[in-house]
Amino acid sequence: MAQGISDEEYKDIDKIRQDIKTLFNELLEQSDAEEGDILVVGCSSSEITGRKLGTFSNEDIGQAVVSVLYEECKKKGLHLATQCCEHLNRALIIEKSVAKDRGYEIVGVVPKLKAGGSLSTAAYNILPDAVAVEHIKAELGIDIGDVMIGMHLKDVAVPVRTSIKNIGEAHVVCAKTRPKLIGGERAEYN
């Protein structure tokens with residue numbers, strides 16, 4: 001295997017799947033997600049295994065995370081977007097139909113383990129008609145391993161606290177978004 005790529009079988013894949021499902025459901029319980037909303041996810045499989053970001057990419061972990069999130073998103077009518085690593089400038093993998101519907105510009109790149117990361121490599125292979133885009137404005141977010149998904153959320157992001165604080169060894173942060181409150185003291189808000 002290439003340097004920084006793991007071909008080891010990760011022993012806690014089933015726990016990752018269960019924790020991801022719990023995390024997803026708790027995020028939805030605390031948000032006003034609507035059909036058609038986008039969930040953006042960033043993930044470091046290296047961090048999940050307790051290693052330094054970008055040093056131990058694991059295909060099985062990426063596959064486990066994406067497969068659970070994609071199935072859960074489909075059930076709720078949501079769309080999944082995955083953030084690539086910094087080597088692809090944090091581009092995103094998303095379904096082509098969603099990119100076109102939202103007016104996102106499609107770019108020509110295919111993620112792989114050391115240029116895109118395990119999560120987006122898996123998403124490219126799992127999502128129907130997957131494409132890469134440079135920018136989105138998602139309504140929901142899950143950041144696994146402090147990979148900085150904030151740039152891909154709508155402007156007013158609100159942290160969501162869940163019972164799942166880590167996936168493996170990786171720190172987890174979730175967010176929902178809300179509309180901006182504008183207008184000053186005379187305005188009314190719903």
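The values are calculated or read from the model by the stated rules, or taken from the named source; none is laboratory data. Since the model is a prediction, treat every value here as computed from it, not as a measurement. Neighbour counts run over all protein chains shown; Cβ positions are idealised from the backbone, glycine included.
Of all the criteria given as (1) surrounded by fewer than 20 Cβ atoms within 10 Å (Cβ to Cβ); (2) outside any loop (DSSP other than H, G, I, E, B); (3) touching a helix residue (DSSP H, G or I) at 6+ places or on another chain (Cβ under 6 Å), the one not satisfied by Thr162 is (2). The single condition among (1) surrounded by 14 or more Cβ atoms within 10 Å (Cβ to Cβ); (2) at pLDDT 95 or above that Arg51 does not satisfy is (2). Among the residues of this structure, Asp32 does not count as one that is surrounded by 18 or more Cβ atoms within 10 Å (Cβ to Cβ), among the charged types (D, E, K, R) and more than 18 Å from Ala123 (Cβ to Cβ).
Taking first residues from the stretch 126-140 that are buried (at least 19 other Cβ atoms within 10 Å of the Cβ) and partners that are in a strand (DSSP E or B) and of a type in the set (S, T, N, Q), the Cβ contacts under 6 Å between residues at least 6 apart in sequence or on separate chains come to Glu139/Thr177. Looking across Lys176, Lys100, Lys180, one residue alone is assigned to a strand (DSSP E or B) and either surrounded by fewer than 20 Cβ atoms within 10 Å (Cβ to Cβ) or not hydroxyl-bearing (Ser, Thr, Tyr) (or both). It is Lys176.
Is it the case that Val65 is in contact (Cβ under 8 Å) with a residue 60 or more places away in the chain, among the β-branched types (Val, Ile, Thr), within 20 Å of Asp146 (Cα to Cα) and in a strand (DSSP E or B)? The answer is no for Val65. Restricting attention to the stretch 141-159 and to residues that are more than 25 Å from Lys100 (Cβ to Cβ) and of a type in the set (D, E, K, R), the residue that is surrounded by the fewest Cβ atoms within 10 Å (Cβ to Cβ) turns out to be Asp146.
Checked against (1) of a type outside the set (S, T, N, Q); (2) closer than 29 Å to Leu181 by Cα; (3) surrounded by fewer than 19 Cβ atoms within 10 Å (Cβ to Cβ), Lys74 passes all but a single condition, namely (2). In this structure, does Glu71 turn out to be under 21 Å from Gly150 (Cα atoms), at pLDDT 95 or above and assigned to a helix (DSSP H, G or I)? When the stated conditions are applied, Glu71 does not pass them.
Considering (1) under 23 Å from Glu169 (Cα atoms); (2) in contact (Cβ under 8 Å) with a residue 60 or more places away in the chain; (3) touching a helix residue (DSSP H, G or I) at 6+ places or on another chain (Cβ under 9 Å); (4) not polar (S, T, N, Q), the lone condition that Leu92 does not fulfil carries the number (1).
Suppose we filter Ser67, Ser57 for residues that are buried (at least 22 other Cβ atoms within 10 Å of the Cβ) and closer than 25 Å to Pro111 by Cα; which single one remains? Only one candidate qualifies: Ser57.
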